[in-house]
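Read through the structure below, which is laid out as structure tokens, and then see the notes.
Read the figures in this text as sums done on the coordinates, not as results from a lab. Here the structure is a predicted model, which means the values were calculated and not measured. Cβ sites come from the backbone with ideal geometry, for glycine too, and all protein chains shown count toward neighbours.
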Amino acid sequence: MKDSVYMAEMDAFTYREKLAKDAIVFVPVGALEQHGSHMAMCVDAYLTKAMAGATAEKVGGICAEPIIYGFKSQQRSGGGFHLTGTTSLDGSTLIAIVRDICRNIAEDGARKIVFMNGHYENYQFVYEGVDLALRDLRMEGIDDVEVMLMSYWDFVDDKTIEELYPEGFTGWDLEHAGVMETSLMLLLYPDLVDMDRIDEELYVGLPAVLPNYDVLPIKPEYTPPSGCLSHPGASTKEKGEILRDVAVKNMVDAIEKEFGA
Ligand SMILES: [Zn+2]
């Protein structure tokens with residue numbers, strides 16, 4: 001069997017050995033969500049798995065399988081859950097999934113866990129799931145588990161943002177299917193991106209101009225026709241490499257600071 005940082009590709013005995021040596025376990029949290037006509041719908045789950053895998057490798061950690069589905073896509077950060085293809089969980093379901101996975105991994109012996117988020121809307125539900133899992137674990141007498149939560153884009157520093165977005169940066173919420181995700185996909189999963197599918201007639205109204213509030217039921221006309229919130233046209237594999245390397249390096253620093261890995 002090949003050596004792998006991915007838990008699903010490990011035998012259980014290797015996994016147990018690593019946990020006994022206090023390996024950090026990463027859980028990527030993604031979504032199944034439309035990303036325009038130029039990318040597959042796996043973006044949030046697959047990218048986060050790759051980012052968590054790359055980070056785990058640097059700290060001798062283990063990367064568990066991602067949570068493939070995420071909380072409802074919101075118009076202001078993912079185009080909206082009304083768009084066909086986007087297949088979402090209720091908040092309470094995501095909380096329950098995170099709670100079960102976190103508790104299970106800790107019961108098996110992990111004491112340092114990182115939940116890495118890759119879908120903007122998930123964050124507070126992951127936070128709640130982790131907190132409830134820690135409460136469950138304390139009731140079981142396990143009180144020495146530490147969990148970090150992060151969204152990988154928060155580790156791209158200002159200097160890199162200035163370099164990669166010379167015309168100005170509109171914020172991570174509007175980066176849905178934009179330059180960051182598309183560049184990372186070009187680097188990591190080139191077969192799942194097709195830049196020729198960026199149809200200029202469809203990719204209009206970008207970056208999206210959205211109200212500074214939410215409205216339900218969703219008003220579909222607020223979402224640009226492509227379903228993207230910023231234009232991916234300037235994406236390159238090279239930008240993907242810079243984004244990955246900067247984010248991974250800064251995540252490793254933060255993890256070493258908290259966990260002393
Ligand atoms: Zn996305």
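Summary value for the chain: 23 percent relative contact order, contacts being C-alpha pairs under 8 angstrom separated by 6+ residues.
So if R0 is 51 Å, what FRET efficiency would residue 4 and residue 212 give, r being the distance between their Cβ atoms, rounded to the nearest 0.05?
Working: r = 44 Å, r/R0 = 0.87.
According to the calculation, E is roughly 0.70.
At full extension, residue 96 and residue 199 could sit 33.1 nm farther apart than now, given 0.36 nm per residue minus the alpha carbon distance. For the pair residue 242 and residue 37 in one chain, pulling the backbone fully straight at 0.36 nm per residue adds 71.3 nm over the alpha carbon distance.
A simple spin-label model places the labels of residue 21 and residue 257 2.7 nm from each other, with each point 7 Å out along Cα-to-Cβ.
Taken about its Cα centre, the chain carries a charge dipole of roughly 380 debye when the Cβ of each Lys and Arg holds +1 and the Cβ of each Asp and Glu holds -1. What's the angle, to the nearest 10 degrees (0 to 90), between helix 123-139's Cα axis and the longest principal axis of the chain? Between the helix axis and the principal axis of the chain, the angle is about 10 degrees. Restriction of the trypsin sites (Lys or Arg not before Pro) in region 1-85 to DSSP coil positions whose beta-carbon has at most 13 other beta-carbons within 10 angstrom yields 2, 21.
Let's see if you can work this out: charge +1 on each Lys and Arg Cβ, -1 on each Asp and Glu Cβ, no other charges. What is the dipole magnitude of region 23-114 about its Cα centre, in debye to the nearest 20? Don't skip to the answer; put the middle values down first.
Numbers: 8 positive and 8 negative charges, 50 e Å.
Approximately 240 debye in magnitude.
On a 0 to 90 degree scale, rounded to 10, what angle separates helix 179-188 from the longest Cα axis of the chain? For helix 179-188, the angle is close to 60 degrees. When the charge dipole of region 100-177 is built from unit charges on Cβ atoms (+1 for Lys and Arg, -1 for Asp and Glu) and taken about the Cα centre, the candidate among 132, 118, 160 whose Cα reaches farthest toward its positive end is 132. Each of 192, 148, 229 was placed along the dipole of region 74-233 (beta-carbon charges, centred on the mean Cα), and the one lying farthest toward the positive end is 148. Between 0 and 90 degrees, rounded to the nearest ten: what's the tilt of helix 237-259 against the longest Cα principal axis of the chain? Once rounded, one gets 30 degrees.
In the chain, taking the dipole from charged Cβ atoms about the Cα centre, the farthest positive-side position among 215, 60, 243 is held by 60. The label-point distance for residue 219 and residue 154, in a model that sets each label 7 Å from Cα toward Cβ, rounds to 3.1 nm. A crude spin-label estimate for the pair residue 189 and residue 249, with each label 7 Å from Cα along the Cβ direction, gives 2.6 nm. On a C-alpha basis, how far is the centre of region 117-145 from the centre of region 3-48 in Å? Whole number, if you could? Between the Cα centres of region 117-145 and region 3-48 lies a distance of 18 Å.
Stretch residue 173-residue 82 to full length: gain in nm at 0.36 nm per residue minus the Cα-Cα span? Provide the component values of the computation, followed by the final result.
On the way: separation 91, 0.36 × 91 = 32.76 nm, distance 1.77 nm.
Stretched out fully, the residue 173 to residue 82 stretch lengthens by 31.0 nm.
With bins 5 Å wide starting at 0, give me the P(r) of the chain over every alpha carbon pair, in whole percents. Result returned by the calculation: 1, 6, 13, 17, 19, 16, 12, 8, 5, 2, 1, 0.
Rounded to the nearest 500, what is the 222 nm mean residue ellipticity of the chain from helices alone, with -39500 (n - 2.57) per DSSP H run of 4+ residues and division by all residues?
Details: 8 runs with 103 residues, N = 261.
So the helix-based figure for the chain works out to -12500 deg cm²/dmol.
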